[in-house]
Amino acid sequence: MEAEGLDWLLVPLHQLVSWGAAGAMVFGGVVPYIPQYRDIRRTQNAEGFSTYVCLVLLVANILRILFWFGRHFESPLLWQSIVMILTMLLMLKLCTEVRVTNELNVKRRFFAAADTQDEAIKPPPRRSYLDFDPRHFWHWSSFGDYVQCVVAFTGVAGYITYLSIDSALFVETLGFLAVLTEAMLGVPQLYRNYRHQSTEGMSIKMVFMWTSGDAFKTAYFLLNGAPLQFSVCGLLQTPVCSLERAHKPGKG
């Protein structure tokens, strides 16, 4: 009887908690990148952040959206992918602009040191994804090249999905590819830190938020009965991000 009397309070409260959890899923994934974005803008140096993180998340979330067409899952997870794609494009835009500007500034300092101010300072050679040069893959000179590459990948993957959407095996494989790619989120940053033997320029807040966010996502997936692929992603991603936090080599 008392339980029934509290329904007027418990039902709206439950609904409010559900909305809050859904909102956290949609926008919580982009929060870790806010301190990194601000650090890059403040220092005008993007060397500490691996843009391959953006590549991993773009591929993973594009595949996740395509997976939705074959097997519908909760709307918050779909919107999370859309918001994450937009966020990664913003990160790429900033990193590209900062890197190209710094490359030009280095050339200017070189010319000044060589006392060749009378010569025209040529901008760094333009690198485009249409060059098909593996040495410069995902290290192009224009943000437009990244956008074109993402659009091309989406078009090809979307066409293949359209042709194979009736195959349950293809749809399930697509889902696993999406979440396994996302689970490798921390690997590019970990490799970059190991190669440079430095974490300078990397936002520790970002990595901490990665780990706590992954734990929250995993709990959300399990409690809301999301497809198995999502739970596997969370269980794999959390240890990877924890390893990223533990890997703190000295500055080079």
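The values are calculated or read from the model by the stated rules, or taken from the named source; none is laboratory data. Fair warning: this is a prediction, and the values are worked out from it, not measured in the lab. Note that we place each Cβ from the backbone using ideal geometry, even for glycine, and neighbour counts take in every protein chain shown. With ligands, DNA and RNA removed, areas are computed over all heavy atoms of the protein, side chains included. Shrake-Rupley method; radii C 1.70, N 1.55, O 1.52, S 1.80 Å.
Working only within segment 64-75, note down all residues that are assigned to a helix (DSSP H, G or I) and either open to solvent by 20 Å² or more (accessible area, probe 1.4 Å) or more than 30 Å from Arg99 (Cβ to Cβ) (or both). Residues satisfying the conditions are Ile65, Leu66, Phe67, Trp68, Phe69, Gly70, Ser75.
Just a yes or no: is a residue in segment 34-43 polar (S, T, N, Q), modelled with pLDDT of 75 or more, farther than 18 Å from Ile85 by Cβ and open to solvent by less than 90 Å² (accessible area, probe 1.4 Å)? Scanning segment 34-43 turns up at least one residue that is polar (S, T, N, Q), modelled with pLDDT of 75 or more, farther than 18 Å from Ile85 by Cβ and open to solvent by less than 90 Å² (accessible area, probe 1.4 Å). Here Gly48 meets the list (1) open to solvent by less than 40 Å² (accessible area, probe 1.4 Å); (2) modelled with pLDDT of 75 or more; (3) out of contact with any Lys or Arg (no Cβ under 7 Å at 6 or more places or on another chain); (4) in a helix (DSSP H, G or I) almost entirely, failing just condition (4). Filtering segment 169-190 to residues that are in a helix (DSSP H, G or I), open to solvent by 70 Å² or more (accessible area, probe 1.4 Å) and in contact (Cβ under 8 Å) with a residue 40 or more places away in the chain leaves Phe176, Leu177, Leu180. Hey, could you check segment 141-157 for residues that are over 17 Å from the mean Cα position of the chain (by Cα) and surrounded by 14 or more Cβ atoms within 10 Å (Cβ to Cβ) and say which is modelled with the highest pLDDT? It comes out as Ala157.
Checking the stated criteria, Gln148 turns out to be free of Cβ contacts under 8 Å to residues at least 60 places away in the same chain and assigned to a helix (DSSP H, G or I).
From the list Leu58, Leu16, the lone residue that is part of a helix (DSSP H, G or I) and open to solvent by 80 Å² or more (accessible area, probe 1.4 Å) is Leu16.
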